[in-house]
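FYI, it's all coordinate maths here, none of it is from the lab. Given the structure is predicted, the values throughout are model-derived calculations rather than measurements. Quick reminder, even Gly has a Cβ in these numbers, built from the backbone with ideal geometry, and neighbours come from all protein chains shown.
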Amino acid sequence: MAEYHSLADYFSLWGPRPVFGNKGAENRRQVSLFIGVALGAACKVVYDALSLAGVLEWKSFLIAMIASIVIFPQLYYTGGLSRRKVSLAHWTLAFQNGFFWSVALSALFGKFT
């Protein structure tokens, strides 16, 4: 399990990343995965608006962004993604987290009850 010494370490998503010209890997921040989270949250708001024939609700987007950004690092570390090199699978998990943030939040709270 990853150790976080500060709140910034928790949200930095530390993980191995290949180094150019070297077969090894070094730990780097994977903050770019939050782009997938943001895109997933935005797509969920658009999907809800289209399926309900309503208007876009930016409050929903803001809530989804906050919730999924807070939840995603926990999924990243407990799912073992921090031990593997970043791949498309990491990004799609981030997107999925943004899209289904309410399900992930329920699962996270289920661990504590």
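Side notes on the structure shown:
- Local electrostatic count, A64, Cβ distance below 13 Å [Lys/Arg +1, Asp/Glu -1]: 0
- For W14, the residues 5 or more places off, or on other chains, whose built amide H falls under 5 Å of its own are Q30.
- Efficiency of FRET from Cβ geometry, A53 and Q74, R₀ 41 Å, rounded to 0.05: 0.75
- Per-residue Cβ neighbour counts within 10 Å put W91, W101 in the sequence W91, W101, beginning with the fewest.
- Between S102 and N27, the C-beta separation translates, for a Förster distance of 35 Å, into a calculated FRET efficiency of about 0.65.
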